[in-house]
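The values are calculated or read from the model by the stated rules, or taken from the named source; none is laboratory data. Source: prediction; values computed, not measured. Neighbour counts are summed over all protein chains in view; Cβ atoms, including those assigned to glycine, are modelled from backbone coordinates with ideal geometry.
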Amino acid sequence: MTEHSTNDVCAIVVTYHPEPAVLGALLEALSGQVAATLIVDNTACAQGEALGDVALHGAHVLQQSQNQGLAMAQNKGIAWARERGYGYVLLLDQDSTPGEGMVRELLAAYAQFPRDLPVAAVGPRFHDLREDRDAPFVRIGHVVNQKLWCEHDRQVLACDFLISSGALIPLSVIDEVGDMDAGLFIDNVDLEWSFRVRAKGYQLYGVCAAMMNHRLGDSRRALPFSLGQVIVHGPTRLYFMTRNRLRLYGMRHTPTAWIIQDVPRFLIKLLLFGVLIGPRLRNLRFMLRGICDGLRGRQGPCPLTN
């Protein structure tokens with residue numbers, strides 16, 4: 001972890017039925033920022049078929065025979081990077097677009113830290129183009145979370161979790177704390193890993209000079225009584241979000257303060273998507289199954305198909 005060079009960085013992009021134009025923009029934006037890019041494609045099809053006519057910009061493709069989930073795909077990408085001697089992995093979702101110089105700014109943050117400071121990951125500030133401002137970094141509080149907004153590019157903000165997309169992680173840290181939890185499949189994978197590394201004494205930082213566009217959720221829906229908007233997910237994602245948060249509740253490294261805050265959030269989601277936002281009955285069925293499977297400790301893919 002002594003070298004802070006883009007030549008030591010391997011980007012891992014996990015895809016599943018990607019939009020060609022969006023993926024192409026991501027790969028173009030990455031070009032020249034990292035030493036290598038690996039696409040781990042979870043679309044179950046023939047080699048390269050799902051990527052269609054996407055210009056790969058020199059990226060390697062690791063085609064999966066079936067969708068094994070986001071976390072497993074990330075782990076396979078990490079193993080690929082480790083075998084080739086890279087020092088860092090840059091995790092990216094297919095719906096993210098790194099800003100110009102993002103990786104350089106993330107590496108520059110590592111160069112600022114004292115040698116004895118245990119840093120697990122740094123991440124960029126991200127912007128969903130459907131929002132009017134960048135997303136904040138977050139510190140978990142006992143009553144409410146503290147939102148940390150970037151006021152200028154020189155800020156490097158200590159936070160309690162980072163989204164996986166855009167996270168730059170030294171492989172030495174992963175060797176120490178372990179891979180992503182493949183049993184979660186998708187959703188809360190980044191939250192669980194963040195909680196795990198924080199429990200082991202590592203720090204996480206948001207780098208304000210590093211920018212990324214990132215799309216959260218399938219769509220947005222206006223709430224009644226001018227209460228704002230809610231991020232909408234499909235029933236299958238609601239299953240994973242429900243099941244996995246219950247699994248997090250039972251993990252020893254999950255902060256108690258986060259659990260206390262999250263239970264009311266979950267009950268609100270259950271009301272919103274089971275009663276107010278359609279398809280209500282299907283949403284409710286998937287979320288109730290998520291509760292049952294979360295309490296039973298079920299792992300892996302969603303058992304429901306419709």
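Checking the structure you have, find out if any residue of the range 43-55 is among the acidic types (Asp, Glu) and at pLDDT below 95. Yes, because at least one residue in the range 43-55 is among the acidic types (Asp, Glu) and at pLDDT below 95. Considering the range 127-141, the residues that are surrounded by 11 or more Cβ atoms within 10 Å (Cβ to Cβ) and modelled with pLDDT under 95 include one that is nearest to Asp8 (Cα to Cα), namely His127. Only one of the listed residues (Asp153, Asp160, Asp179) is more than 27 Å from Lys76 (Cα to Cα) and not polar (S, T, N, Q). That residue is Asp153. Among residues of the range 137-154 that are in contact (Cβ under 8 Å) with a residue 24 or more places away in the chain, those with a Cβ under 7 angstrom from a residue that is surrounded by 16 or more Cβ atoms within 10 Å (Cβ to Cβ) and in a loop (DSSP other than H, G, I, E, B), sequence gap 6+ or separate chain, pair up as Ile140/Asp160; Ile140/Pro255; Leu148/Pro136; Cys150/Asp134. Asp190 meets the conditions (1) surrounded by fewer than 19 Cβ atoms within 10 Å (Cβ to Cβ); (2) free of Cβ contacts under 8 Å to residues at least 60 places away in the same chain; (3) out of contact with any helix residue (DSSP H, G or I) (no Cβ under 8 Å at 6 or more places or on another chain) in every case but one. The failed one is (1).
Any residue at all in the range 169-178 that's over 13 Å from the mean Cα position of the chain (by Cα), buried (at least 22 other Cβ atoms within 10 Å of the Cβ) and closer than 30 Å to Met287 by Cβ? Checking the range 169-178: not a single residue is over 13 Å from the mean Cα position of the chain (by Cα), buried (at least 22 other Cβ atoms within 10 Å of the Cβ) and closer than 30 Å to Met287 by Cβ. Here Ala109 meets each of (1) out of contact with any Pro (no Cβ under 8 Å at 6 or more places or on another chain); (2) surrounded by fewer than 20 Cβ atoms within 10 Å (Cβ to Cβ) with one exception, condition (2).
Of the candidates Pro255, Pro301, the single residue that is closer than 23 Å to Val177 by Cβ, surrounded by 12 or more Cβ atoms within 10 Å (Cβ to Cβ), in contact (Cβ under 8 Å) with a residue 60 or more places away in the chain and not aromatic (Phe, Trp, Tyr) is Pro255.
Residues that are out of contact with any Cys (no Cβ under 6 Å at 6 or more places or on another chain), of a type in the set (Asp, Glu) and at pLDDT below 90 are absent from the range 20-35 altogether.
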